[in-house]
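What follows is a set of notes on a single structure, which appears directly below.
FYI, it's all coordinate maths here, none of it is from the lab. Worth saying up front: this structure is predicted, and the values here are computed from it rather than measured. Note: ideal-geometry Cβ built from the backbone for every residue, glycine included; neighbour counts use all protein chains shown.
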Amino acid sequence: MIIETVKHKLVTDWTLIAHPDYQLYSNENNNYVVVDPDHSIVLNFAVDNTEVDIKHVTWEVAFKVKNDTRTITITSEPEVFEED
């Protein structure tokens, strides 16, 4: 299954690829959070020249990290809950 994605440039030439419904936030310490449409943090990580440090991930998020291309790809779509 191919999902729609957008690319986000991160520090030190890293890139995050994710569904456009995810929002990305960062701070000056190279820490990032990915937020789903329900405003829940689904991924919290930091990057630098040598590593990706995953600090938190929820069970519904699948992702891949490729060191050779400095790419983090969220391979799952955000869950959508219909309101009653």
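Listed values, structure above:
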item: Region 6-74: Rg to Rh, with Rh as the Kirkwood radius over Cα pairs; result: 0.92
item: Sequence-distant lysines (8 or more away, or on other chains) whose Cα lies within less than 17 Å of Lys55; result: Lys64
item: Antiparallel bridge percentage (DSSP; both residues within the chain; nearest 5); result: 90 percent
item: Amide H partners (placed H, <5 Å) of Val42, local residues excluded; result: Val34, Val35, Asp36
item: Magnitude of the charge dipole, the chain, Cβ model with Lys/Arg +1 and Asp/Glu -1, debye to 20; result: 580 debye
item: His56/Ile17 FRET efficiency (R0 22 Å; Cβ-Cβ; nearest 0.05); result: 0.70
